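The values are calculated or read from the model by the stated rules, or taken from the named source; none is laboratory data. Keep in mind that this is a model prediction, so the values were computed, not measured. Cβ sites come from the backbone with ideal geometry, for glycine too, and all protein chains shown count toward neighbours. The area values use the complete protein model at the heavy-atom level, side chains included, leaving out ligands, DNA and RNA. Shrake-Rupley method; radii C 1.70, N 1.55, O 1.52, S 1.80 Å.
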Amino acid sequence: MSKKQYGQKIELQEQIQRELDNRIKILEESPKVKIKSNGQLAFTELIKIQKDIQPAKLYLSSNGFYTKLGKFDNLQNYSEFTSWKKEYDSWYTKKKGKNTTFDYIDKTISLISDSSNEIPLFGSISQTVTSGITLILSNLKSRDEDLMDKTPEVLILLNSIGQFESEKSILDNEWKSIDSELKELQSEYKTLVDDQITFYGIDKSKYNIFLSATLDSDIGKFKVYSKEQVLKKLQSLENGNNTNWMGNVETYMHQVQSIRIRFGQLTGRMLDNIEKYEKLFSKYTDPKKFSAEFVTKAKDLGTDLKQVKENFILQFKPNKYIEDSAVMYIKR
């Protein structure tokens, strides 16, 4: 082999070695590059959740509906009941103190008539009242014609409300469970945000301004600032003596992803519960089976609920939230 050929071979070997060293360096640096990008992404996604996770925003569109729903069993809002109660009070005034059974029935009627008591009109109280009014009906005379005519209507009303409230209570309990879990998620979220703000050295005053920001430009400005700050901190950790910095960032990544997925699941349960309310209202549309006044109010609430659902779907996409959270990080 000539000197020239030997020199070319050595040069080729050195070139191959340089390329190999370069590829090894790229492979060594790749996880660090990835973790830096994902660290930035995790924090920016975390602060975005705050715009959705606030209960005020979650319930804002549905507040009017649930206020009406809470008053749905208030008998004072039904003319069928107030008209009957006027006739009943006139009748009972003549019976008061003369019959212990009637006196007991009157106490239960007074109990459900007082809206401040907030006693649900289903279960034992509903059965006691309807049984008592049925007993009164059987004791009415021809001179009590007005009360006699109105009593069957009020019994149908009480049975309608009682049946509805019994089914609604199951959905209400689910709503309370969702609300409780949302508050728990909020608490975890706040802790995670505080930890990451401290870890990355984010200016808390700038973050507080971001929370109240409404202009896209102001929101975008903080996101750019936070990305730069996160990268700056991670570069500092990489060049320092902290050998576990990548592990810290990965932990934050998983925590952010977990909160996003859980929030998606909670909004999914909220939508599911709204649809269960829809099914419940659809059962009470026949005035031949239920109180006519009750059916009218149920239809009105059903219309409000439809708007609640439309607003909710426009604002929240539970399945997309979960799907996006599952693939939110750079894999390569």
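For segment 64-70, putting each phi into the Karplus relation 6.51 cos²θ - 1.76 cosθ + 1.60 with θ = phi - 60° gives couplings of x, 4, 6, 5, 5, 5, x Hz, in residue order, rounded to whole numbers and with x for Gly and Pro.
Counting only residues at least eight positions apart within a chain, or on another chain, the aspartates and glutamates with an alpha carbon under 13 Å from that of LYS94 are ASP103, ASP106, ASP144. Placing R0 at 30 angstrom, the Cβ-Cβ distance between SER110 and LEU171 gives a FRET efficiency of 0.55 after rounding to 0.05. Residue pairs exceeding 24 angstrom between C-alpha atoms, taken from LYS150/LYS297; LYS32/LYS223; LYS95/LYS297; LYS48/LYS206; LYS289/LYS309; LYS68/LYS107: LYS95/LYS297; LYS289/LYS309; LYS68/LYS107.
Calculated FRET efficiency, SER37 to ILE125, Cβ-Cβ distance, R0 = 51 Å: about 0.25 to the nearest 0.05. How far is helix 100-113 tilted off the main Cα axis of the chain, in degrees rounded to 10, range 0 to 90? Helix 100-113 and the main axis of the chain meet at about 40 degrees. As a fraction of the 1.4 Å probe accessible area of segment 176-332, surface on carbon and sulfur atoms comes out at 51 percent. Between THR93 and ASN244, the modelled labels are 8.1 nm apart [label points 7 Å from Cα along Cα→Cβ].
Net charge in the neighbourhood of LYS227 (other residues with Cβ under 15 Å of its Cβ; Lys, Arg +1, Asp, Glu -1) is +4.
The Cβ shell under 9 Å around ASP73 holds other residues with a net charge of +1, Lys and Arg each +1, Asp and Glu each -1.
Neighbours of ILE105 by Cβ distance under 14 Å: Lys/Arg scored +1, Asp/Glu scored -1, total +2. Rounded to the nearest 500, the 222 nm mean residue ellipticity of the chain from helices alone is -28500 deg cm²/dmol, with -39,500 (n - 2.57) taken per DSSP H run of at least 4 residues. Stretching the chain fully between ASP146 and LYS279 yields a gain of 44.2 nm (0.36 nm per residue, less the alpha carbon separation).
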